[in-house]
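Comments concern the structure below.
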Amino acid sequence: MAPLDNAVWHALAGPQAAFAVRQGSAVRFRPDVSPFLALPDQPDEASWHDLAGLLGPAGIGALFRRHTPDLPDGWTELERFDGVQLVATDPTTVQAHVPRAPDGADLVPLGPDDVADMLDLVARTAPGPFEARTHELGRYVGIRLDGRLVAMAGERMHLAGGTEVSAVCTDPAHRGRGFAARLVAEVARGIVARDETPFLHVLADNHGAIRVYESLGFERRTAIGAVVVQAPRDAQVRQVVP
């Protein structure tokens, strides 16, 4: 498997190891950062035992990878999300498509002091998992109107040579003004400036967002999915290593 096929694993085994909690050959983000967990590219029976120990009895997490292995006996699939992975294979294309900021909507950096507003925006827009410490994963930028945060985007998973654009969301009352395109382009521009490749994920049926990303120079790479799983109820908790 290519690293982008199993991005969570390669992020937590690499540049984002500081955010990892691991048990044997299973790993997950710290719960206040992200619900995503991961197995090696080719998991074996021991890997699933490690993951069960990491989650604990009936523990829940989300596997996010191109090919989701069949769940062993005792595991339960609670929900599945079909998505698309897009990659800016030609960084110069992204740089050439950075749109101008709409009048009165300058971009602002977002940090620890903005977490409450970021979580409020996420609650209104549901862009995907975003926890109290997700902002620590990378650079986030937003748009405020009359002091209220109405749009944002930022960086989530970091792999060797690539960074994910994530948490792209706009308040429903302000959609159609080009905010998402401007924010994604700005975040991608920063990634390219580090000589890294931007990539992102979107639900397969979100055709409007896919069109926006393609207009910015992103190209579809592969189908990808998130599967919410529950560990066996008799899973034995093991000593986890932060």
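Sorting 186, 164, 219, 45 on the 10 Å Cβ count, fewest up front, what's the list? All intermediate terms of the calculation are to be shown ahead of the outcome.
Numbers: 186 17, 164 23, 219 12, 45 8.
So the ranking, lowest neighbour count to highest, is 45, 219, 186, 164.
How much length is gained if the chain between residue 45 and residue 70 is pulled fully straight, taking 0.36 nm per residue apart and subtracting their Cα-Cα distance, in nm to one decimal?
Working: separation 25, 0.36 × 25 = 9.00 nm, distance 1.13 nm.
Working it through step by step, the gained length comes to 7.9 nm.
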Inset, instruction - Return 191, 60 ranked ascending by Cβ neighbour count within 10 Å, so the fewest neighbours appear first. - result: 60, 191
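Rounded to the nearest 0.05, what FRET efficiency is calculated for residue 30 and residue 116 with R0 set to 25 Å and r the Cβ-Cβ distance?
Details: r = 20 Å, r/R0 = 0.79.
Rounded to the nearest 0.05, the efficiency is 0.80.
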Legend entry - Per-pair calculated FRET efficiency, R0 = 30 Å: residue 211 and residue 92 via Cβ, rounded to 0.05: 0.90
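Any read-out appearing in this document is the output of simple, stated calculations on the displayed coordinates, not a laboratory observation. It should be emphasised that the depicted structure is a prediction, and the values quoted were computed from it without experimental measurement. So basically every Cβ, Gly included, is an ideal-geometry build from the backbone, and we count neighbours across all protein chains shown.
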